[in-house]
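The values are calculated or read from the model by the stated rules, or taken from the named source; none is laboratory data. Here the structure is a predicted model, which is why all the values come from computation and not from measurement. With ideal geometry, Cβ positions are generated from the backbone for all residues, glycine too; neighbour counts draw on all protein chains shown. Each accessible area value is taken on the protein alone, full model and side chains, heavy atoms only, with ligands, DNA and RNA left out. Shrake-Rupley method; radii C 1.70, N 1.55, O 1.52, S 1.80 Å.
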Amino acid sequence: MKPWLDLDWRLPRLRRDALAVWRRNFLVWQRIIGPALVLNFGEPLIYLLGLGLGLGAFVGEVGGLPYLAFLASGIVASSAMVTVSYEGMYSVYTRMVPQKTYDALLATPLDIDDILAGEMLWCASKGVISAAAILLVAAALGVVGGFGALWALPVVFLVGLAFAGPAMAMSAVAGNYDFFNYYFVLVVTPMFMLCGVFYPLDTLPAGVQSLAQWLPLTHAVALIRPLVLGLPSSDVLLHLGVLFAYALGFYLLAVALVRRRLIV
Amino acid sequence: MIHNEAIPVVRAQGLRKCFGRRVAVDGIDFCIPRGLCFGFLGPNGAGKTTTLRMLMGLSPKDGGELTVLGLPVPERARETRARVGLVPQADTLDPDFTVAENLRVYAGYFRIPRAAIDARIDELLAFANLSDRRDARVETLSGGMKRRLTIARALVNDPEIVILDEPTTGLDPQVRHVIWGRLAELRARGVTLILTTHYMEEAERLCDTLVVMDQGRILDQGSPSELVARHVEPEVVELRGAPDEALLARLGGMDARIERHGSSVYVYTQDAAPLLAHLGAVHGRAILHRPSGLEDVFLRLTGRELRE
Ligand SMILES: Nc1ncnc2c1ncn2[C@@H]1O[C@H](COP(=O)(O)OP(=O)(O)OP(=O)(O)O)[C@@H](O)[C@H]1O
Ligand SMILES: [Mg+2]
């Protein structure tokens, strides 16, 4: 028995209907904007002040950068990962299963292709919001390289897409909220530690380093750090390509899995 | 748009659906004409919801042919869904929005221009008697209000067909009458209604044509009065409580057909007058004399009672 062969792998079609789903989520977000922004600004502020200034006093420079600058530019990327993963699991699952929002959507001309494309765009948008908050905090602390740092935001959007796909795929197979603990403990937290957010990759053993090359957050950090700090970038196409591949591959998987769950 | 009255809005032939080894819909045929109210009457698990999900293109069929508005489904379901409204069995209103926002956001999924939406929302809220609750949050509504809002939501795209899965189950009799009135109004406007129910009264009042379903099969179809005329005698006397065997034997001799179900005995006959005269003399217990109806048809066709 090979259950993945039973999935409906027909290519999804992308249409502007996805934007209607994005708009629905945006309207809901608008009314909880207060608590949402407290989370977006408060958390990175505490991280940056606590770790960046506190730990930074001991560490001094990392990879030729002041620790606060190193950390802030890494957290721009990792917070996009965390924000998008929460949205793609807890929120997407809530809409898909207990709240039956997708059932209502599927009675309109929208298909699962449109719904998940809209959800993915929305997840990435939330990633951008949280990254923008951190950029502001980092700028206030004087570690941002200039207005060029704004180029990090479109990259964060792509990073958001890359993390939204896997999270939605998890939602598609989840039986309850506790299931997401696996993903956070086995996927999100290790990436947080292994992908160059808190310390440079080359301090890790060689085996772990080559593993890290397969992880999307590594490529997100590699793109975003120089943009935020105004430093030269390298291997840009490789990094973009890996993120695109994650976004596209997991979108296709999520569509197939949600089809199996809802179109019965 | 050209509407040919003679072309059915839904045509199903040999429609079939299995869940693993369980056959939920077992090769059914039906044709739904435009502008009428068409009902699926059947007990729990008969396959009503499964049939409607196939009509919406939300459940792939395992066999047979299905067209909705002349288009094959599920292949062209995206197009047909734009012209159909659905009132699902379970509540799918958006709890994050108010009453009016539920309609506005839903209209957005049909690409209805924003300018046209606001006028339409006022109209729909009036239709659903919800004008004074337009800014209420959905969770503050009663069950009947939620149902009316769901019906209003199914009308945002001005559909040619409205599909209702058990529109009044779980509602009190007063609300049920309000909803029946609204559905009759829609039908009078030329909207085709397709509904499922396990209420006889609902089927009898609303449906021009209905199919009686049980265990995935269609047992018979026709108008409520045709079905009654075809399957049961016009009058029935229901005797409640433990039957008196000697009495039943005598009644059997009086040109009557006797059926027993649960703790009741049903005596079907062309003319109940002589029977009642006889019973009046000997029978002290609860007697119910009524014209026969769909309940009796169902009992006859399946040997089981429909109501639980
Ligand atoms: N997703 C599913 N997976 C497995 N079996 C299912 C599924 N959906 C329905 N069934 C089965 O198919 C049969 C028909 O179910 P359906 O929901 O269509 O009945 P129904 O006539 O709508 O009943 P009710 O009046 O209870 O709503 C039932 O035996 C049911 O258990
Ligand atoms: Mg049902």
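Solvent-accessible surface of the protein assembly as shown, taken per residue with a 1.4 Å probe and all protein chains present: 44 Å².
Model label points for B:Phe19 and B:Glu139, set 7 angstrom from Cα along the Cα-to-Cβ axis, are 2.9 nm apart. Could you pull out every one of the lysines with an alpha carbon less than 27 Å from that of A:Lys100, ignoring same-chain neighbours closer than 8 positions? Filter leaves A:Lys126, B:Lys17, B:Lys48, B:Lys61, B:Lys146.
Computed over protein heavy atoms with a 1.4 Å probe, the carbon and sulfur contribution to the accessible area of the range B:233-292 reaches 57%. Express the carbon and sulfur contribution to the solvent-accessible surface of chain A as a percent, rounded to the nearest whole number, probe 1.4 angstrom. Result for chain A: 71 percent of the exposed heavy-atom area is carbon or sulfur. Summing both sides, the accessible surface hidden between B and A at a 1.4 Å probe radius is close to 2300 Å².
Measuring spread by the Cα atoms of the protein assembly as shown yields a radius of gyration and Dmax of 31.1, 110 Å. Charge dipole (Cα centre; +1 on Lys/Arg Cβ, -1 on Asp/Glu Cβ; no other charges) of the protein assembly as shown amounts to roughly 680 debye.
Ligands, DNA and RNA left out, the 1.4 Å accessible surface of the range B:10-228 is 48% carbon and sulfur atoms.
For chain B, the Cβ-based charge dipole about the Cα centre amounts to some 800 debye (Lys, Arg positive; Asp, Glu negative; other atoms uncharged). In this Cβ point-charge picture (+1 for Lys and Arg, -1 for Asp and Glu), the range B:104-234 has a dipole of about 640 debye about its Cα centre.
Mean projected area of the convex hull spanned by the Cα atoms of the range B:233-292, taken over all viewing directions: 3.5 nm². In chain B, taking the dipole from charged Cβ atoms about the Cα centre, the farthest positive-side position among B:Gly252, B:Val228, B:Ala203 is held by B:Ala203.
With 0.36 nm allotted per residue and the present C-alpha distance subtracted, the A:Arg261-A:Asp178 stretch has 28.0 nm of extension available. Here each label is just a point 7 Å from Cα along the line to Cβ, and for B:Leu71 and A:Arg16 those points are 1.9 nm apart. Over chain B, Cα pairs under 8 Å with separation of 6+ residues give a relative contact order of 20 percent. Only Cα pairs under 8 Å and at least 6 apart count here; give the relative contact order of the range A:1-148 as a rounded whole percent. With pairs under 8 Å counted, the relative contact order is 39 percent. Debye-formula intensities of the range B:10-228, expressed as log10 I(q)/I(0) at q = 0.10 Å⁻¹, are -0.43 (one equal scatterer per alpha-carbon, no solvent). Between B:Thr209, B:Thr98, B:Thr51, the GNM of chain B built on Cα springs shorter than 10 angstrom shows B:Thr98 fluctuating the most. Of A:Asp178, B:Asp94, A:Asp8, the order by accessible heavy-atom surface (1.4 Å probe, DNA, RNA and ligands excluded), from most exposed downward, is A:Asp178, A:Asp8, B:Asp94. Label-to-label distance for B:Ala229 and A:Val208 is 8.5 nm, based on points extended 7 Å past Cα in the beta-carbon direction. Of the residues B:Phe298, B:Phe19, B:Phe40, the one that moves most in a GNM of chain B with alpha-carbon contacts below 10 Å is B:Phe19. Estimated from helices alone, the mean residue ellipticity of chain B at 222 nm is -10000 deg cm²/dmol (sum of -39500 (n - 2.57) over DSSP H runs with n ≥ 4, per residue). For the range A:239-264, a decrease in accessible area of 50 Å² or greater in the assembled protein chains relative to the isolated chain, with a 1.4 Å probe, applies to A:Ile263, A:Val264. For chain A, the relative contact order is 28 percent, taking Cα pairs closer than 8 Å that sit 6 or more residues apart in sequence and dividing their mean separation by the residue count. The Rg/Rh ratio for the range A:117-264, using Cα coordinates for both the radius of gyration and the Kirkwood hydrodynamic radius, is 1.00. Since only A:Thr94, B:Asn129, A:Ser233 are under comparison, the one whose Cα sits farthest along the positive direction of the charge dipole of the protein assembly as shown, derived from C-beta charges on Lys, Arg, Asp and Glu, is A:Ser233.
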